[in-house]
1. Given just the C-alpha atoms of segment 101-223, how large is their convex hull per residue in cubic angstrom?
2. Return one number: the angle in degrees, 0 to 90 and rounded to the nearest 10, between the long axis of the Cα atoms of helix 209-220 and the longest principal axis of the Cα atoms of the chain.
3. As I understand it, the value is the acute angle between the Cα axis of helix 167-183 and the longest principal axis of the Cα atoms of the chain; what does it come to in degrees, rounded to 10?
4. Quick one: angle between helix 3-15 and the longest Cα principal axis of the chain, in degrees between 0 and 90, rounded to 10, please.
5. Compute the length gained on full extension between residue 69 and residue 23: take 0.36 nm times their separation in residues and subtract their Cα-Cα distance, giving the result in nm to one decimal.
6. For the chain, just run the numbers: alpha carbon Rg, then divide by 2.2 N^0.38 Å, N being how many residues it has.
7. Dipole of the chain, Cα-centred, from +1 at each Lys and Arg C-beta and -1 at each Asp and Glu C-beta, to the nearest 20 debye?
8. Once you keep just the Cα pairs under 8 angstrom separated by 6 or more residues, what percentage relative contact order results for segment 3-71?
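FYI, it's all coordinate maths here, none of it is from the lab. What you are looking at is a predicted structure, and each value in this text was computed from that prediction instead of being measured. Quick reminder, even Gly has a Cβ in these numbers, built from the backbone with ideal geometry, and neighbours come from all protein chains shown.
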Amino acid sequence: MDAKLNQIISNVSLNLGFRYKVVSDYYPYKSIKNTARVKKGVLYVRASDKLKDAPQEVKEALAYVLLSKIKGIRVAPRYKRVYNDYIHNLIINESFDNIKGIHEPNGSYFNLDEIFHTINTKYFSNEITKPALRWSKRRAYRIFGRYDRSKNEIVVSSLLDEKKTPKYVVEYIMYHEMLHIKFGFTYKRGRRKIHPGSFKKEEEKFPYYKESIDYLKKVSGRERKFIF
Ligand SMILES: [Zn+2]
């Protein structure tokens, strides 16, 4: 049991009028998955261990999402937003480490070299120096792209190298990863910010931003129960 997590969930549970004893912990799910169920008056919550380092407000938001479902009430949009924003950033950028790749920018349907040049011309005045580009070997369905600073390499999930994928989605991933190159490391109160506000603002300028996010959510949604 995780005492801090338990405290957060207990508070939310009380706020929603529940009287359950809470037993919660992090669980090393392969994907970002969270579950909640009630058995004999005890509320059991298992949160993905990928959320361990999340800020308290994200954990609170998750608790509201899970417990509102148990209660059968609508989840307040602000909780969905806080949770989804955090997950989105994890999905797009984090823990891509185990993915070995083909060192080949030319996939079956999309050429990452071409896409890089298009995006660099359109949005960066050709000022980004081209990093290594490749498709991932594993068809990662939660993490769609990653910029590895030490290798100076952008990897895109080969799950997207499909005929049915709209080109703008691959372009969006490329755009996002190129913003990482442009922004470098940003620190706020000594903590590294992966996606600072200025990054997000620029990201939202991508013309198909919303459509791309919707598409990626759909793709990653196949195995998802509590993420939306
Ligand atoms: Zn990112």
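1. So the per-residue Cα hull volume is 114 Å³.
2. 60 degrees
3. The helix 167-183 is inclined about 90 degrees to the chain.
4. With both axes taken from Cα atoms, the answer is about 70 degrees.
5. Between residue 69 and residue 23, full extension yields an extra 14.8 nm.
6. 1.11
7. 1180 debye
8. 34 percent
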